[in-house]
Protein chains: 2
Amino acid sequence: MRAFNFAAGPAMLPLEVLDQVRAELTDWRGSGSSVMEISHRSNAFLEVAEAAERDLRALLGIPTDYRVLFMQGGARAQFAAVPLNLAGPEACVDYLNTGVWSKLALAEAERYCRVNVAADESASLYCTVPQPDDLQLTAGAAYVHYTPNETIGGVEFPYTPATPGTPLVADMSSTLLSRPFDVTRCGLIYASAQKNIGPAGLTVVIVRDELLGRARPGTPGVWNYQALAQQNSMVNTPPTFAWYVAGLVFKWLQGQGGLAAMAERNRAKAQLLYASIDASGFYRNTVARHCRSWMNVPFKLADPALDAAFVHAAEAAGLTQLRGHRLVGGMRASLYNAVPLAAVQALTAFMQEFERRHG
Amino acid sequence: MRAFNFAAGPAMLPLEVLDQVRAELTDWRGSGSSVMEISHRSNAFLEVAEAAERDLRALLGIPTDYRVLFMQGGARAQFAAVPLNLAGPEACVDYLNTGVWSKLALAEAERYCRVNVAADESASLYCTVPQPDDLQLTAGAAYVHYTPNETIGGVEFPYTPATPGTPLVADMSSTLLSRPFDVTRCGLIYASAQKNIGPAGLTVVIVRDELLGRARPGTPGVWNYQALAQQNSMVNTPPTFAWYVAGLVFKWLQGQGGLAAMAERNRAKAQLLYASIDASGFYRNTVARHCRSWMNVPFKLADPALDAAFVHAAEAAGLTQLRGHRLVGGMRASLYNAVPLAAVQALTAFMQEFERRHG
């Protein structure tokens, strides 16, 4: 029996996708081999790779002057690859610090560039995002980096920052594909797969053509965006299985009605959980309401001594991976695309019952 | 029906491993989730990670003063990570150029260090390896790099180079686990998974403790060996599914009798194929006999115009992925651990029949 899985990543995948993976695991398309066992340069795999890109482009409406790259290393590798590819050693780059992930991105960029912190929400304990007019952008910066959704703080930008004349770079690991997004607002988007795309080990990069060719000489060959674009992300052997699963997820999203349909569902799931938390005196989410994440809902129990009992009882009820991130404690329910509304309904019912018993 | 799959990588996996993956794909160990869908920091996954390391250590006899890292990016990422971690910008490093892969490793290192080519077999068209006494090693080099087995040339070292006082670094992507190997001869070993370990997207690094802590400041955080060692390869989300499959492969190897047993089988497989080629006037392998690869057997047909017909007929007979690397053409049969002797028997029988018809 399948659990209602609230993992923050690696996260739940659609059962239909897993069922297809299972059905063809040892004999893929009549080849007598698993999709894991074939050359990434075979025509059969190139079809998988191209279909995945085509479907991702269709889902997000990615224009032809953007390239889609399939890389390894997670978002954290991009924390280095972005400055290496887009900024010279003397360049200044702007970072918006709105949580643990943007701060880590910023710290990695400091190895390579002068970093200007264009907004800093650490004083608010990362419970909100800056107002659009409060960004302290640097004229002539190589790029502006932000994290539209913070998985640990559970805070997300309700707007896309305007950065006239400067490319905007977005770490969309935890929000890409959760709703429609205007790609053209960004020069570069990256996302690790293990939330809304597929298994861990794959990273999607969407980059405007004109930003290619700027890599500094010390950029590792496997991270050079231009080389990757020229070689269809096959500078070296890509993570073929993860790429294949991502392609199945993209097909599944199309079957679900695309990103507009996902947005409606994701909004409904988040609203249900936040409403349940806010109606309670027992559970608490401290994020400012206008920038609460649809994808990651951290919450605390009135008495942290009950945390272990909560997790234990939830798991017994088939509600798994609710423990909060080790940096902040408490609980966290991640509500990525593959998590059904029924999971949130079961969670809120469980929470009410737990409160009734322990509140 | 399963094919006899001679892919050079991503390569054949043991059917027993794939069957287990399939059996537990949507409900792993009664968790109600796939192993792809659980946190890499959960106790359940940490058990997988630790068991994989333990079993790999047992198989190879890795001493306690070596660390085992599970990384992303393939061997090609290590081409950059090795100089970044082990050599300063002013350092000199020695590279043995014995084929396409060692040459690519060397070229990547040149971004970061002064590279001395301590042996160069390009003039021999990579059909042999240097004699032990012919290595032109640099006194005080930060390390010596070599590629024990070249997948494209099909050449392998019948000996481990002696580099007194200088750490030896080995790209063992295509030979690790194919037979016993004395890890202590090397300071660092790396191997991409998609030959003898598991699915593409995982890289194993085995590094002597004393080589940690030398990374230059520009080393990307996800590639810093010391940080990876300190955080059990979880600086960021690792490729959990590939790691899990690798663990199953390690268990499978133990069940097969370990690396001594694999060596016997791999030797027999290679001997059968080379003997069949050498006995023929129709097929040809030009590698010097003392350094022919057990893992990758490239061969040419007397008439290259027959290549397409050979591949086509082989596939019809269930012998797949025999086309040679695009750089060299011809054919290549890779005989990694998961390829059974029966596959080589079927291949040699097919080759004889093809020669009879077309020779």
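Using the Cβ-Cβ distance between A:Thr286 and A:Ser122 with R0 = 22 Å, the FRET efficiency computed as 1/(1 + (r/R0)^6) comes to roughly 0.90. If you bin all the Cα-Cα distances of the stretch B:96-179 at 10 Å, starting from zero, the percentages per bin are 18, 55, 26, 1. Take each residue of peptide A:214-224, count the partner chain Cβ atoms within 10 Å of its Cβ, and average: the result is 4. Fewest neighbouring Cβ atoms within 10 Å first, the residues B:Leu341, A:Leu211, B:Leu347 line up as B:Leu341, A:Leu211, B:Leu347.
Spin-label pair A:Cys92-B:Glu110: with each label point 7 Å from Cα along the Cα-Cβ axis, the two points sit 3.7 nm from one another. Below 16 Å, Cα to Cα, which aspartates and glutamates can B:Lys195 reach? Residues fewer than 8 away in the same chain don't count. Excluding near neighbours in sequence, the set is A:Glu37, B:Glu150, B:Glu156, B:Asp171. Among A:Asp120, A:Asp133, the order by Cβ neighbours within 10 angstrom, fewest to most, reads A:Asp133, A:Asp120. With just the Cα atoms defining each centre, how far is the stretch B:5-79 from the stretch A:237-311? Give it in Å. Rounded to whole Å, the Cα centres lie 28 Å apart. Each label point was placed 7 Å from the Cα along the Cα-to-Cβ direction; for A:Ala23 and B:Asp19 their separation is 2.2 nm.
When the alpha-carbon atoms of the stretch A:16-255 are used, the pair Rg, Dmax equals 18.2, 59 angstrom. Remark: the stretch B:313-320, residue by residue, has Karplus-estimated 3J(HN,Hα) of 5, 4, 5, 4, 8, x, 10, 10 Hz, where x stands for each Gly or Pro and the curve is 6.51 cos²θ - 1.76 cosθ + 1.60 at θ = phi - 60°. When DSSP beta bridges are restricted to pairs lying wholly in chain A, around 55% turn out antiparallel. Could you give the size of the charge dipole of the stretch A:257-358 about its Cα centre, using +1 on the Cβ of each K and R and -1 on the Cβ of each D and E, expressed in debye and rounded to the nearest 20? Charge dipole of the stretch A:257-358: 240 debye, to the nearest 20.
The charge dipole of the protein assembly as shown, taken about its Cα centre with unit charges on the Cβ atoms of Lys, Arg (+1), Asp and Glu (-1) only, comes to about 440 debye. Label-to-label distance, B:Leu272 versus B:Leu341, with points set 7 angstrom from Cα along the beta-carbon direction: 0.7 nm.
Using a cutoff of 8 angstrom between alpha carbon atoms and counting only pairs six or more residues apart, the relative contact order for the stretch B:257-358 works out to 29 percent. Residue by residue along B:194-201, Cβ atoms of other protein chains within 10 Å of the local Cβ number 6 on average. Evaluated with a Cβ-only charge set (Lys, Arg +1; Asp, Glu -1), the stretch B:15-255 carries a dipole of roughly 380 debye about its Cα centre, given to the nearest 20. Once backbone amide H atoms are built at 1.01 Å from N, A:Asn97 has A:Ala118, A:Ala119, A:Asp120, A:Glu121 as its partners under 5 Å, excluding neighbours fewer than 5 places away on the same chain.
Other protein chain C-beta atoms within 10 Å of residue C-beta, averaged over A:314-327: 2. Using every pair of separate Cα atoms, the Kirkwood estimate puts the hydrodynamic radius of the stretch B:61-117 at 12.4 angstrom.
Where a number appears in this text, it was derived from the coordinates with a stated rule and is not lab data. All figures in this text were calculated on a predicted structure; none of them were measured in a lab. Glycine gets a Cβ as well: all are built from the backbone with ideal geometry, and neighbour counts include every protein chain shown.
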